[in-house]
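The values are calculated or read from the model by the stated rules, or taken from the named source; none is laboratory data. Only a predicted model underlies this, so the values are computations on that prediction, with no experimental measurement involved. Here the Cβ is made from the backbone with ideal geometry for all residues, glycine too, and neighbour counts use every protein chain on show.
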Amino acid sequence: MRVHSFDSLTRQKVGMISQVTDIQVRRAKPDDAEALVRLRGLMLAAMGNDLGGPDAPWREIARQWFAEQLASPETFAAYVVDDPAAGVVAGAAGNVHVHPPGPNDLTTVRGHLYNVSTEPDFRRRGLARACVVALMDWFRDETAVGQVELHATDDGVELYRALGFTESRYPTLRFRRS
């Protein structure tokens, strides 16, 4: 999925502000890397991935990766919501990558939105939406991104459509090294 215009997102955001006035979204800091890995695990499990145990190697690699990315605020951002008792309970992350321009997007960078996840006990409260809107504001206000792409789960697709994302005409294909 992708979104072409940030203007439509702004209109969506204004229309839903009353739903999220009590939600405090903040930009993630390097010490939030562990929480971002935990949320990533929830997302990956929801997508049917086998995560392994709590000491699975991917977790430490992901923690280091998030810590490094959080130290690059011009190309990476994550927004989270905290609960006083449970800590970080929702988040969304995104990065900017170089991309050649085309006739429908003259910019030379694109955004990628990912790692949108909420702890099960905190779902259906608008937390993920608030994190995504904060991240989209970052893309619009602090980067030169012309469009943002994402891969949606069945549970998340309606959220993204409501925020102006549309299905791409071209399927995503993937090649993995053996």
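Numerical summary
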{"read-out": "Residue count, the range 141-166 (criterion: over 20 Å from P101 (Cα atoms) and either assigned to a loop (DSSP other than H, G, I, E, B) or small (G, A, S) (or both))", "value": "9"}
{"read-out": "Hits in the range 82-112 - residues which are touching a Phe, Trp or Tyr at 6+ places or on another chain (Cβ under 8 Å) and either crowded, with 18+ Cβ neighbours inside 10 Å or of a type in the set (D, E, K, R) (or both)", "value": "D83, V89, A90, G91, A92, A93, G94, N95, V96, G111"}
{"read-out": "Filtered residues of the range 119-140 (kept if touching a strand residue (DSSP E or B) at 6+ places or on another chain (Cβ under 7 Å), of a type in the set (G, A, S) and assigned to a loop (DSSP other than H, G, I, E, B))", "value": "none"}
{"read-out": "Selection status of Q69, part of a helix (DSSP H, G or I) and under 14 Å from the mean Cα position of the chain (by Cα)", "value": "yes"}
{"read-out": "Condition met for V37 (in a helix (DSSP H, G or I), within 14 Å of the chain's Cα centre (by Cα) and at pLDDT 95 or above)", "value": "yes"}
{"read-out": "In the range 40-72, the residues that are of a type in the set (A, V, I, L, M) and over 24 Å from V96 (Cβ atoms)", "value": "L42, A45, A46, L51, A56"}
{"read-out": "Counted residues, the range 45-86 - those being basic (K, R) and touching a Gly at 6+ places or on another chain (Cβ under 9 Å)", "value": "1"}
{"read-out": "Any hit, the range 10-27, residues being at negative phi, assigned to a helix (DSSP H, G or I) and either at pLDDT 95 or above or in contact with a strand residue (DSSP E or B) (Cβ under 7 Å, 6 or more places away or on another chain) (or both)", "value": "no"}
{"read-out": "Filter result for the condition that a residue is aromatic (F, W, Y), under 11 Å from the mean Cα position of the chain (by Cα) and under 15 Å from V25 (Cβ atoms), over Y114, Y160, Y79", "value": "Y79"}
{"read-out": "Number of positions in the range 30-81 that are surrounded by fewer than 19 Cβ atoms within 10 Å (Cβ to Cβ) and of a type in the set (S, T, Y)", "value": "2"}
